[in-house]
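The values are calculated or read from the model by the stated rules, or taken from the named source; none is laboratory data. Bear in mind the structure is a predicted one, so any value in this text is a computation, not a measurement. Here Cβ is always computed from backbone atoms with ideal geometry, including for glycine, and neighbour counts include all displayed protein chains. Accessible surface is based on the protein model in full, side chains and every heavy atom, while ligands, DNA and RNA are left aside. Shrake-Rupley method; radii C 1.70, N 1.55, O 1.52, S 1.80 Å.
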Amino acid sequence: EQSSKLFVNSPNALAGNHIENCDTSSAAYQAQAGNVDFVCEGEEAVLANIRNLITLLPENNENDAFSEDGQDDMNRLLENFNENIKDPAVALAQIADAGKFVETKLEFGKDMVTGLMLLNGVTVGVVANRVAQYDNDGKVASKYEGVLTTDGCDKAASLVKFCDAFSIPVVTFTNVTGYAATKEEEKTIARATAQLTYAFANADVPKVNVIVGNAFGSAYVTMNSKHIGADLVFALPTAKIGMMDATVAAQIMFEDEISKASNTKEALEAKAKEYEELQSSAKNAAKRGYVDSIIEGESVRKHLIYSIEMLYSKRETAPSKKHGTV
């Protein structure tokens, strides 16, 4: 954290900059840029984190998914999961065996959580949308919009590619409504989401998706949906799955009818509710084959465990090609 330096150009070599103004070589700066996976306080912490990480990784890319004897109850229920999943870093520690979850790139793309966890003794890679970040007291410290960003997609794609390279299963927790909408994001978001979509579609490891909130439009497709190759998709009963938010859809589809109503607000709410029941509910997504099973939040751990066990021997042969081009 204090003594490390990482740079291509030294801070003083950057036009208009001096190291006292902005130390672009510092661990904090490079972590925020996504170039550093972990920042530790000192040498002992570095070594401890390396030891912990090694216990989660396979010896090489030819090994099956790394596993050890599970030391936690497979059927353990998760209290307050529906609330905790707003900050996946909290929920994933709750899901993992004995809380063994290692988060990567903490300071980069904070709207997306990535990392590795043990699930009944099996190492699993995790990608999750974040809509809130809790402090040490369990209070909301930051809020996020539930959209895909360039940094978040880059961070997730990197983790998925790493897991695919070492035959590590991937689990996603989806809660996304669309894409970040700013002038700067517009320059990069298309390429970033294409990379993430490709990473999921190209990976031949076991892939499981849990829809924990909203799953709207092509942003949902990108997040390891059934459409791009997820082996199993679960949804919480409260999940909303469709092209767009029900209220927005109602405004577009029933504009004339709502405008003529004596109470436009009530008319809009009624049409939005009707649309949500017919199009956006988890039940209707299951009827259309987009969701394999609707599960309660407290039972997520045991559903993930049997899914990974069932897919443990998955083998997939891709068409012969040199490499991808996305």
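Just Thr238, Thr114, Thr193 to compare: in a GNM of the chain, with alpha carbon springs under 10 Å, which one fluctuates most?
Thr238
Rounded to the nearest 20 debye, what is the charge dipole size of the chain about its Cα centre when +1 sits on each Lys and Arg Cβ and -1 on each Asp and Glu Cβ?
980
Charges on Cβ only, +1 for Lys and Arg, -1 for Asp and Glu, centred on the Cα centroid of segment 173-304; of Ala239, Tyr275, Ala203, which one is farthest towards the dipole's positive end?
Sorting the options by dipole projection puts first Ala203.
Per residue, how much accessible surface does segment 207-326 expose to a 1.4 Å probe? Answer in Å², no decimals.
Per residue, segment 207-326 has 55 Å² of solvent-accessible surface.
Whole number please: convex hull volume per residue of the Cα set in the chain, in Å³?
186
Give, in whole angstrom and from largest to smallest, the semi-axes √(5λ) of the equivalent ellipsoid of segment 234-279, with λ running over the eigenvalues of the Cα gyration tensor.
23, 10, 6
Ignoring the sites themselves, what is the longest stretch of the chain with no trypsin sites (Lys or Arg not before Pro) in a DSSP loop and at most 15 other beta-carbon atoms within 10 Å?
140-287
So if we plug the beta-carbon distance of Asn263 and Val140 into 1/(1 + (r/R0)^6) with R0 = 41 Å, what FRET efficiency do we get, rounded to 0.05?
Result of the calculation: an efficiency of 0.75.
Quick check: the angle from helix 183-202's long axis to the longest principal axis of the chain, C-alpha only, nearest 10 degrees?
80
Provide the net charge surrounding Lys287, with neighbours chosen by a C-beta distance below 14 Å and charges set as Lys +1, Arg +1, Asp -1, Glu -1.
Net local charge, Lys287 excluded: +1.
Determine the share of the chain's accessible area contributed by carbon and sulfur atoms, expressed in whole percent, with a 1.4 angstrom probe.
50
Just want the answer: with Cβ charges of +1 for Lys and Arg and -1 for Asp and Glu, which residue in Asn75, Leu14, Phe38 is farthest toward the dipole's positive end in segment 1-121?
Leu14
Before rounding to the nearest 500, sum -39500 (n - 2.57) across all DSSP H runs of length at least 4 in the chain and divide by the residue total; then give [θ] at 222 nm in deg cm²/dmol.
Helices in the chain give a 222 nm mean residue ellipticity of -10000 deg cm²/dmol.
Just to confirm my numbers, what's the Cα centroid distance between segment 162-234 and segment 21-43 in Å?
27
What are the radius of gyration and Dmax of segment 230-321, computed over its Cα atoms and given in Å?
Cα-based Rg and Dmax for segment 230-321 come out at 19.0, 63 Å.
Roughly how many debye, to the nearest 20, is the charge dipole of segment 81-237 about its Cα centre, given +1 on each Lys and Arg Cβ, -1 on each Asp and Glu Cβ, and no other charges?
So the magnitude is around 180 debye.
What dipole magnitude, in Debye to the nearest 20, does segment 57-139 give about its Cα centre under +1 on Lys/Arg Cβ and -1 on Asp/Glu Cβ?
380
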